[in-house]
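What follows is a short report on a single structure.
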Amino acid sequence: MQRIYFTALTPEQYIASEAHRQVRADIICPRCGKGRLHGHGTYGRGITGMVGQLRRLLVARFICLVCGHTVSYLPNFAFAYRIVQVATFEAFLDGKIDRVDVQRWQTVLADYRRRMTRFAVVLVRTVGCGFGRAPPADGGAVWPWLKGACGGLESATRLLVAQFRITLFRRYQCHQPAEVS
Ligand SMILES: [Zn+2]
């Protein structure tokens, strides 16, 4: 299972200070709601930095001794399964196309936006008025809606996973709790 972990650090700061070592896991396993979580190493993945350079991020991972599942804590500056950091995509959506990081990843960012637009109907249907602000009638205005309701893309991403178990791009199995058996 994957959780989004709040941090005020940038990817560079997070990596340099080895902040994955400081991650505090949930007290009780968020998947089964029964076991305690124990440290279970890390996994590495890519993340883009401030000027778009590729960096290696270590993500803290824990294991539940009751259900046996692992729970990883992805810092909120990163998207699940996507390499470009959230702040760069936010700048792209805001039209800051002269930024170096945006320019470097423009093709990928355009793809992110296409995916977001394609998924908007499901996203809007899932969240509804759950952010205290009426969602857009069509998919096109998803970003202004999220920005107005959540303040920014990092908090929107974090709240979407925490409250609605969904991302901007799709619904992932790793954000769902255990199936009821
Ligand atoms: Zn568990």
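Is it fair to say F62 is not hydroxyl-bearing (S, T, Y) and not in a strand (DSSP E or B)? Show your work before the answer.
On the way: not hydroxyl-bearing (S, T, Y): yes; not in a strand (DSSP E or B): no.
So F62 fails the test.
Of all residues in region 32-74, which are without any contact (Cβ under 8 Å) to a residue 24 or more places away in the chain and either touching a helix residue (DSSP H, G or I) at 6+ places or on another chain (Cβ under 7 Å) or aromatic (F, W, Y) (or both)? Listed by number, the list holds a single entry, T42. Close Cβ contacts (under 8 Å, 6 or more residues apart or on different chains) running from residues in region 6-18 that are among the aromatic types (F, W, Y) to residues that are assigned to a loop (DSSP other than H, G, I, E, B) comprise F6/N76; Y14/T7; Y14/F77.
Conditions (1) surrounded by 21 or more Cβ atoms within 10 Å (Cβ to Cβ); (2) in contact with a strand residue (DSSP E or B) (Cβ under 6 Å, 6 or more places away or on another chain); (3) among the aliphatic types (A, V, I, L, M), marked per residue:
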residue	(1), (2), (3)
A8	no, no, yes
E18	no, no, no
G33	no, no, no
R45	no, yes, no
R61	no, yes, no
T70	no, yes, no
A91	no, no, yes
V100	no, no, yes
D111	no, no, no
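Screening A141 with (1) of a type in the set (A, V, I, L, M, F, W, C); (2) at pLDDT below 95; (3) under 17 Å from the mean Cα position of the chain (by Cα) gives one miss only, at (3).
Under the condition of being within 18 Å of the chain's Cα centre (by Cα) and within 16 Å of the ligand (Cβ to nearest atom), which residue from region 63-94 is farthest from Q106 (Cα to Cα)? Step through it out loud before you land on a result.
Keep residues of region 63-94 that are within 18 Å of the chain's Cα centre (by Cα), which gives 70-93.
Okay, now just the ones that are also within 16 Å of the ligand (Cβ to nearest atom), so 70-73.
Values: T70: 34, V71: 32, S72: 29, Y73: 27 Å.
Once the filter is applied, the top-ranked residue is T70.
Within region 1-22, the set of residues being away from the ligand (no atom under 16 Å from the Cβ), part of a loop (DSSP other than H, G, I, E, B) and over 13 Å from A78 (Cβ atoms) comprises A8, S17, E18. Looking at G49, G44, just one residue is within 23 Å of Q173 (Cβ to Cβ), more than 16 Å from the ligand (Cβ to nearest atom) and modelled with pLDDT of 95 or more, and that residue is G44.
The values are calculated or read from the model by the stated rules, or taken from the named source; none is laboratory data. Just so you know, these numbers come straight off a predicted model, no measurement behind them. When we count neighbours, we look across all protein chains shown, and the Cβ atoms used for this are built from the backbone with ideal geometry, even at glycine.
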